[in-house]
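One structure is given here, and the rest of the page talks about it.
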Amino acid sequence: MTRQSDFDFSCRPVIPYAHDYRHGDYEGWHTHNCAQLIHTLSGVIRIETRYGFWVVPPSRGVWIPAHIPHALHITGEVRARVLFVEPLARADLPVICQVVGVSDLLRELIICALTLPEDYTPGSRAERVYELMLDEIRLMDTLPFHLPEPVSERLKQLCRAVRDAPHETWSVAQAAVKISASGRTLNRHFYQQTGMQFSEWVRRARLLHALTRLAQGEQITRVALDSGYASPGAFSVMFRRVMGVTPSDYFNP
């Protein structure tokens, strides 16, 4: 059953909220009457919807539009700063779930908003903070931490198998045998249903698996091997290409 949470935006277009989660916490399926930006300062949050999964590593954020049923899975000690945003506060707010970059300016605006009064006068500093925050939300960069979910049950089972054993080879030929299809058929149906080639989906699944494990403080070598990489060096090259820094630099800035 999905519960509904409603917020009152009669006083302000954005409602800031700070919340800390413990490792293993879970928020069951729910929706909001507004959009939501969750910014993580530590730990990892996995967002689940019927469209797929989004993994939010530290210092990033996830945007969830209004009325999208979702559940939260918490890994590590998560410090989250949340903005509930009135859907019509801007005409061009994002309309799909996405993991996003949170600029330094937006991060500081969120911290500032937590100290602002609920009610304020037009033209005040508080109003300018909220308006600038909305401008920054419109400029957020989308990051490749989304794992789309296929529609057919056969491909869903294949994806679950990959997520459960990311260390296996998972070539197209191997996966095709698993679902009793040709490699060409697998690739065609997988792309039609997810917008990604199967090999690309596997690479991303491995990255998101690794991010979740690293957030718990596990050793890079063990995570690299368990994620299907031949060596920590190969894993670090992939990680730096996607994240811009090495795993050790990302989790120990």
(request) For region 59-75, enumerate the residues that are open to solvent by less than 20 Å² (accessible area, probe 1.4 Å) and under 11 Å from the mean Cα position of the chain (by Cα). (result) Gly61, Val62, Trp63, Ile64, Leu72
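Among the residues of region 76-102, write down those that are farther than 21 Å from Asp20 by Cα and either surrounded by fewer than 16 Cβ atoms within 10 Å (Cβ to Cβ) or not aliphatic (A, V, I, L, M) (or both). Walk me through it before giving the result.
In the first step, residues of region 76-102 are kept if they are farther than 21 Å from Asp20 by Cα; the result is 86-98.
Selection gives Glu86, Pro87, Leu88, Arg90, Ala91, Asp92, Pro94, Val95, Ile96, Cys97, Gln98.
Could you tell me which residue of region 131-142 is most open to solvent (accessible area, probe 1.4 Å), considering only residues that are touching a helix residue (DSSP H, G or I) at 6+ places or on another chain (Cβ under 9 Å) and touching a residue at least 60 places away in the same chain (Cβ under 8 Å)? Step through it out loud before you land on a result.
The first filter runs over region 131-142 and keeps only residues touching a helix residue (DSSP H, G or I) at 6+ places or on another chain (Cβ under 9 Å), leaving 132-133, 136-137, 139-140.
With the extra rule that they be touching a residue at least 60 places away in the same chain (Cβ under 8 Å), the set shrinks to 133, 137, 140.
Numbers: Met133: 0, Ile137: 2, Met140: 27 Å².
Among them, the one singled out is Met140.
Would region 50-57 turn up any residue that is of a type in the set (A, V, I, L, M) and closer than 22 Å to Ala210 by Cβ? Give the steps one after another, and end with the answer.
Within region 50-57, the first condition is being of a type in the set (A, V, I, L, M), and the residues that meet it are 55-56.
Next cut, closer than 22 Å to Ala210 by Cβ only: 55-56.
Yes, the conditions are met somewhere in region 50-57.
Just need a number here: residues in region 144-162 that are outside any loop (DSSP other than H, G, I, E, B) and either hydroxyl-bearing (Ser, Thr, Tyr) or open to solvent by less than 70 Å² (accessible area, probe 1.4 Å) (or both).
9
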(request) Under 6 Å between Cβ atoms, at least 6 apart or on separate chains: pull out the pairs that start in region 114-127 with a residue that is in a loop (DSSP other than H, G, I, E, B) and end on any residue that is aliphatic (A, V, I, L, M). (result) Leu114/Ala18; Leu116/Ala126; Tyr120/Ala126
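Pick from Tyr21, Tyr51: which is farther than 26 Å from Ser152 by Cα, touching a strand residue (DSSP E or B) at 6+ places or on another chain (Cβ under 7 Å), touching a residue at least 40 places away in the same chain (Cβ under 8 Å) and not aliphatic (A, V, I, L, M)? Outline the logic, then answer.
Working: Tyr51 fails: farther than 26 Å from Ser152 by Cα.
Every option except Tyr21 fails the conditions.
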(request) Considering only region 172-253, give the helices (runs of 4 or more DSSP H) lying wholly within it that have at least 1 residues that are surrounded by 13 or more Cβ atoms within 10 Å (Cβ to Cβ) and within 20 Å of the chain's Cα centre (by Cα). (result) 183-194, 198-214, 220-226, 232-243, 247-251
(request) Have a look at Met133, Met140 and point out the one that is assigned to a helix (DSSP H, G or I) and under 30 Å from Leu93 (Cβ atoms). (result) Met133
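The values are calculated or read from the model by the stated rules, or taken from the named source; none is laboratory data. This structure is a prediction, so every number in the text was calculated from the model and none was measured. Positions of Cβ are generated from backbone atoms using ideal geometry, with glycine treated the same way; all protein chains shown enter the neighbour counts. Keep in mind that these areas ignore ligands, DNA and RNA; they rest on the heavy atoms of the full protein, side chains included. Shrake-Rupley method; radii C 1.70, N 1.55, O 1.52, S 1.80 Å.
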